[in-house]
Amino acid sequence: MNKELAINMLAAVKKPARYTGGEFGSIFKEEAEVRIALAFPDVYEVGMSYLGFKILYHLVNKMEGIAAERAYAPWIDMEQLMRERNIVLTTLETKKALCECDLVGFTLQYELSYTNILNMLDLGGVSVLAAERGDEEPFVVVGGPCVFNPEPLADVIDFAILGEGEEALPEVLTCYRNWKREGKPGGRQEFLHRAVRIPGVYVPSFYDVTYNEDFTIKAVTPNTPDAPATVTKRVVADLNNVDFPTAPVVPFGEIVHDRIMLEMFRGCSRGCRFCHAGMVYRPVRERRPEVLRELAHKQVDNTGYEEISLVSLSTADYSCLGPFLDTMIADFKDRKVSVSLPSLRIDAFSVDVAKKVQAVRKSGLTFAPEAGSQRMRDVINKGVTEEDLLHAVSAAFANGWKKVKLYFMIGLPGETDEDVLAIARLAKKVQWKFKEITGKGGCQVTISASSFVPKPYTAFQWAPQDTLEEIRRKQGLLIEATRVKNITFQYHDGKTSIMEGVFARGDRRLGKALYLAWQRGQRFDGWADVFDFERWQQVLQDCGLDPDFYNHRVRGDQEVFPWEHLQPAVNRAFLASEYKKAKQGLLTADCRQGHCNGCGVCQRLGVPVMDWSGRAYDASKEKGFVSLAEKMADGDNQGYSAATQRPGLPKEGGEAE
Amino acid sequence: MKLRFQITKEKEIRFISHLEYVRTIGRAIRRAKLPAAYSQGFNPHMKYSLASALGVGVVSYAEFVELELTEPVHPLEAAEALQKALPRGIRVLAVDAVDNSAPALMSVAGGAEYRVTLPWTGDIAPAVEAFNRAEAVFFEKQAPKAKEKVRRIDVKFYISELSAVQREKETELHFHCRITRDGSMKAVDLLNTLNEQYGLQLPVEKADIERMDLYRVDEMGNKWPMLDTLFEQG
Ligand code: SF4
């Protein structure tokens with residue numbers, strides 16, 4: 001097997017550091033009983049920025065005798081050279097070909113990376129189709145957000161792990177090790193039958209899918225007694241009790257998120273109706289401030305990074321963000337480490353936070369109103385008013401900012417031209433506000449509008465997606481309406497959204513299209529300069545599939561979705577009622593510190609919302625707050641009013657209160 | 001006080017760019033918790049620099065990094081701490097300490113020693129002999145950006161002598177290359193020159209180029225090590 005990337009190959013490709021490996025913090029286990037490749041289906045700079053794999057890499061490598069190594073998709077230039085010379089894709093650590101690993105784990109971060117999965121398997125010497133994989137070949141496992149509908153990949157993957165991997169993946173690896181130690185009895189099938197007993201594990205080949213005449217799903221039924229009728233996701237009940245990386249790999253070259261990523265909490269309970277992450281990562285579970293602080297110190301020591309990003313779905317919602325930020329800034333000032341937030345909430349508090357963390361004022365502030373009109377913001381349950389936005393930008397302008405970037409979506413369900421034009425109007429109002437506050441003109445407003453793609457397990461999973469023509473027409477409206485000085489309008493061609501939509505709500509029938517598209521040369525579909533829409537359309541046509549079936553059809557109340565047997569534990573009835581409320585423009589409040597909206601997650605998973613503002617809300621047991629026995633001030637007097645005990649959960653092996 | 005380290009850029013990481021190499025060393029210094037000095041202002045940066053930029057793909061056993069400190073530390077202890085914080089492919093070979101006022105290392109380098117290994121088995125001896133005998137050997141180099149602009153350089157000004165060893169499957173070249181305040185020439189350009197001037201077909205794109213040493217040169221032409229007081233790493 002030829003693995004060597006020769007000097008003249010590396011000299012000929014862009015960014016050769018992508019293929020170097022051996023970065024500080026990378027872990028080499030020459031001898032290992034079980035080896036898993038954590039394969040990211042995109043280039044190094046993108047994959048290295050993914051927190052989930054940083055966590056699993058750290059966690060798996062702590063296991064005795066088990067090695068986790070990294071693999072990324074070679075860029076097109078390198079792939080061509082590898083194919084010319086018959087060079088196999090390997091991991092970066094001990095340079096194992098993917099086919100020499102025991103398992104190859106891909107993360108499904110976005111639908112348009114699926115062709116890369118097929119391509120990486122092929123380059124790594126692994127049979128692309130699961131049914132053709134021999135006994136000596138690795139198992140292909142997937143995880144990540146899109147795993148709640150991996151059906152288009154059903155022919156490719158051996159199994160999937162739903163939800164958070166910190167507990168489930170070690171269980172799977174241990175199960176694999178035992179099976180391997182026993183001499184792999186019963187071949188591949190036997191291992192799958194063992195693995196499927198682990199909660200959260202989904203084996204697509206253990207289910208039969210039947211269709212109605214119109215190709216909607218009739219039923220998805222297990223074809224073996226070992227497979228459960230539905231697979232429910234795994235979550236870690238208390239993030240303070242699981243390992244978080246303290247010494248992540250530090251790349252040589254610049255990656256997309258080239259900084260420490262400190263995960264503050266998981267889940268988001270704001271309930272935006274378009275948001276997939278907001279539904280599938282529930283419930284909200286915060287890490288304790290003192291745990292975070294310790295992790296931050298270790299990471300700074302071990303990486304040498306100069307920036308810590310406090311990441312989560314909406315960091316400004318972290319219950320003790322103010323005091324926590326003050327501590328962090330004070331802790332790291334002398335070490336020249338800055339603290340940053342990936343996103344801001346639309347309020348003055350967030351501007352205050354931005355002021356604290358941002359030394360340089362030149363760069364702009366970014367807000368995400370998501371929709372231009374109040375009507376539309378109510379439809380999506382954004383819970384933000386024009387007044388909130390103008391208030392927030394006023395605070396920003398008063399503090400010296402001159403540039404604002406606003407994120408929107410177009411193509412939201414029920415959107416009218418009026419709603420689209422409201423985006424431009426809102427941007428102009430922001431400019432007027434600048435004049436009002438500073439008495440000057442020259443405020444730069446950038447509008448970025450992405451086209452909305454309905455996702456499974458959101459209130460809009462029933463909704464038709466806008467057609468390409470419609471998206472282009474709406475973009476045209478905005479182009480016209482933003483021909484104003486100092487307003488910049490950014491948008492993407494809608495073609496990629498069409499294919500994203502097809503795969504997001506796709507079914508198993510798409511498997512052959514995926515395979516054919518890959519064979520015809522599709523890869524890196526998420527890269528606009530490589531994406532070939534015409535080829536995709538041809539492929540779908542050749543497979544007898546209609547993109548409109550997936551995207552533009554109104555799905556009925558009773559329709560069975562291809563993903564129904566894969567459960568993030570959000571009740572269908574809740575989503576249906578959210579869709580209904582959306583049509584009526586009715587809001588649903590954040591459940592984090594208020595009352596339970598009955599989405600079902602806490603009850604079905606038996607895991608409460610965890611918030612350290614001094615109270616915890618346990619909807620898993622009953623409706624209402626579980627008050628903490630004691631609010632304990634933080635030991636070394638940080639000024640947090642944080643709880644130091646796990647609320648509403650067993651102390652150690654005991655029963656929940 | 002300034003610390004000056006001789007470090008390597010070895011095979012494993014030969015394809016990281018100069019910028020990536022510089023960043024990697026900066027982060028290692030931070031991990032080693034050396035008391036580095038920082039510039040003033042909104043965006044303070046660490047006061048460290050490298051003596052010379054190395055071409056991508058070139059292995060080196062003689063990279064020099066200079067670091068300004070806010071308080072004195074023992075050079076050997078600093079070297080040890082730095083070594084622990086460096087990734088595979090970078091080793092600390094030597095260290096010395098000088099005053100802040102000492103001239104930057106960048107300005108004192110006078111020459112470099114190279115070894116180039118090629119998977120090529122033709123007869124190199126005539127070309128080497130001719131090159132060594134020639135008064136001047138010209139090479140026309142295109143400026144990277146402006147295609148029409150061609151710079152004509154005399155290779156012999158930089159490289160006065162070549163030697164070669166040939167083995168069963170490969171050819172190894174040794175030479176010294178002069179470094180002036182205005183720059184130097186690249187090892188690959190020597191190979192291109194040999195191909196053009198002597199009709200050789202050296203596979204330039206497969207050349208394994210290694211910088212073996214970097215040194216100072218005095219007016220008399222004597223070579224001196226870059227670092228003053230050497231604390232060689234064991
Ligand atoms: S079950 Fe209730 S409290 Fe828990 S996430 Fe859903 S709405 Fe929020």
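Computed quantities for the displayed model
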read-out	value
Residue that is farthest from residue A:471 (Cα to Cα), among those in the range A:380-396 that are in a helix (DSSP H, G or I) and open to solvent by less than 10 Å² (accessible area, probe 1.4 Å)	A:396
Residue check for residue A:575: assigned to a helix (DSSP H, G or I), out of contact with any His (no Cβ under 6 Å at 6 or more places or on another chain) and touching a residue at least 60 places away in the same chain (Cβ under 8 Å)	yes
Complete set of residues in the range B:49-82 that are touching a helix residue (DSSP H, G or I) at 6+ places or on another chain (Cβ under 9 Å), outside any loop (DSSP other than H, G, I, E, B) and of a type outside the set (A, V, I, L, M)	B:49, B:63, B:64, B:66
Unique residue being part of a helix (DSSP H, G or I) and under 16 Å from residue A:490 (Cβ atoms) when the list is A:423, A:437	A:423
Qualifying strands (runs of 3 or more DSSP E) (wholly inside the range A:33-114; at least 2 residues being over 14 Å from residue A:141 (Cα atoms))	A:66-72
Residue in the range B:125-137 that is nearest to residue B:206 (Cα to Cα), counting only those that are surrounded by 11 or more Cβ atoms within 10 Å (Cβ to Cβ) and without any contact (Cβ under 8 Å) to a residue 24 or more places away in the chain	B:129
Selection from the range A:322-373 of residues that are open to solvent by 30 Å² or more (accessible area, probe 1.4 Å), part of a strand (DSSP E or B) and among the small types (Gly, Ala, Ser)	A:338
Residues that are crowded, with 20+ Cβ neighbours inside 10 Å, among the aliphatic types (A, V, I, L, M) and over 30 Å from residue B:16 (Cα atoms), drawn from the range A:240-278	A:264
For residue A:595: the one exception among (1) in contact (Cβ under 8 Å) with a residue 40 or more places away in the chain; (2) within 16 Å of the ligand (Cβ to nearest atom); (3) open to solvent by 50 Å² or more (accessible area, probe 1.4 Å)	(1)
So residue A:635, is it open to solvent by less than 40 Å² (accessible area, probe 1.4 Å), away from the ligand (no atom under 14 Å from the Cβ) and either at pLDDT 50 or above or out of contact with any strand residue (DSSP E or B) (no Cβ under 9 Å at 6 or more places or on another chain) (or both)	no
Residues satisfying the stated conditions in the range B:195-222, i.e. hydrophobic (A, V, I, L, M, F, W, C) and open to solvent by less than 50 Å² (accessible area, probe 1.4 Å)	B:200, B:202, B:204, B:207, B:209, B:214
Exclusive hit being modelled with pLDDT of 95 or more and under 23 Å from residue B:224 (Cβ atoms), set B:113, B:129, B:172	B:113
Residues that are open to solvent by 50 Å² or more (accessible area, probe 1.4 Å) and at positive phi, drawn from the range A:407-447	A:414, A:439
Residue check for residue A:258: part of a loop (DSSP other than H, G, I, E, B), in contact with a Leu (Cβ under 9 Å, 6 or more places away or on another chain) and either at pLDDT below 95 or more than 30 Å from residue A:414 (Cα to Cα) (or both)	no
Scan of the range B:38-51 for residues that are more than 10 Å from chain A (Cβ to nearest Cβ) and surrounded by 17 or more Cβ atoms within 10 Å (Cβ to Cβ), ordered by number	B:48, B:50, B:51
Some residue of the range B:198-206 being away from every other protein chain (no Cβ under 14 Å), at pLDDT 90 or above and in a strand (DSSP E or B)	no
Residue satisfying condition, being on the phi > 0 side of the Ramachandran plot and either in a loop (DSSP other than H, G, I, E, B) or in contact with a Ser or Thr (Cβ under 8 Å, 6 or more places away or on another chain) (or both), within set A:489, A:524, A:531	A:524
Qualifying residue in the range A:599-622 (condition: modelled with pLDDT of 90 or more, open to solvent by less than 30 Å² (accessible area, probe 1.4 Å), within 11 Å of the ligand (Cβ to nearest atom) and of a type in the set (Asp, Glu))	no
Yes/no for residue B:71 being open to solvent by 10 Å² or more (accessible area, probe 1.4 Å) and either within 13 Å of another protein chain (Cβ to nearest Cβ) or under 21 Å from residue B:215 (Cα atoms) (or both)	no
Scan of the range B:104-124 for residues that are in contact with a Lys or Arg (Cβ under 8 Å, 6 or more places away or on another chain), open to solvent by less than 40 Å² (accessible area, probe 1.4 Å) and within 16 Å of residue B:211 (Cα to Cα), ordered by number	B:109, B:110, B:111, B:112, B:114, B:118
Near pairs, Cβ below 7 angstrom, 6+ apart or cross-chain, from the range A:245-269 (touching a residue at least 12 places away in the same chain (Cβ under 8 Å)) to any residue that is within 16 Å of the ligand (Cβ to nearest atom) and acidic (Asp, Glu)	A:264/A:286; A:265/A:286; A:269/A:590
Residue within the range A:303-321 that is in a loop (DSSP other than H, G, I, E, B) and among the acidic types (Asp, Glu) present	yes
Selection status of residue B:154, more than 14 Å from every other protein chain (Cβ to nearest Cβ) and closer than 27 Å to residue B:64 by Cα	no
Leading residue by the ranking (most open to solvent (accessible area, probe 1.4 Å)) among those in the range A:559-586 that are within 14 Å of the ligand (Cβ to nearest atom) and farther than 30 Å from residue A:205 by Cβ	A:573
Any chance residue A:213 is free of Cβ contacts under 8 Å to residues at least 12 places away in the same chain and away from chain B (no Cβ under 14 Å)	yes
Meets criteria (out of contact with any Lys or Arg (no Cβ under 9 Å at 6 or more places or on another chain) and at positive phi) for residue B:41	yes
Members of the range A:448-461 that are buried (at least 20 other Cβ atoms within 10 Å of the Cβ) and either at negative phi or in a helix (DSSP H, G or I) (or both)	A:449, A:451, A:452, A:453, A:454, A:455, A:456, A:458, A:459, A:460, A:461
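The values are calculated or read from the model by the stated rules, or taken from the named source; none is laboratory data. All of these numbers come straight from a predicted model, not from anything done at the bench. All Cβ positions, glycine included, derive from the backbone under ideal geometry; neighbour counts span all protein chains shown. For accessibility, only protein heavy atoms count, side chains too; no ligands or nucleic acids. Shrake-Rupley method; radii C 1.70, N 1.55, O 1.52, S 1.80 Å.
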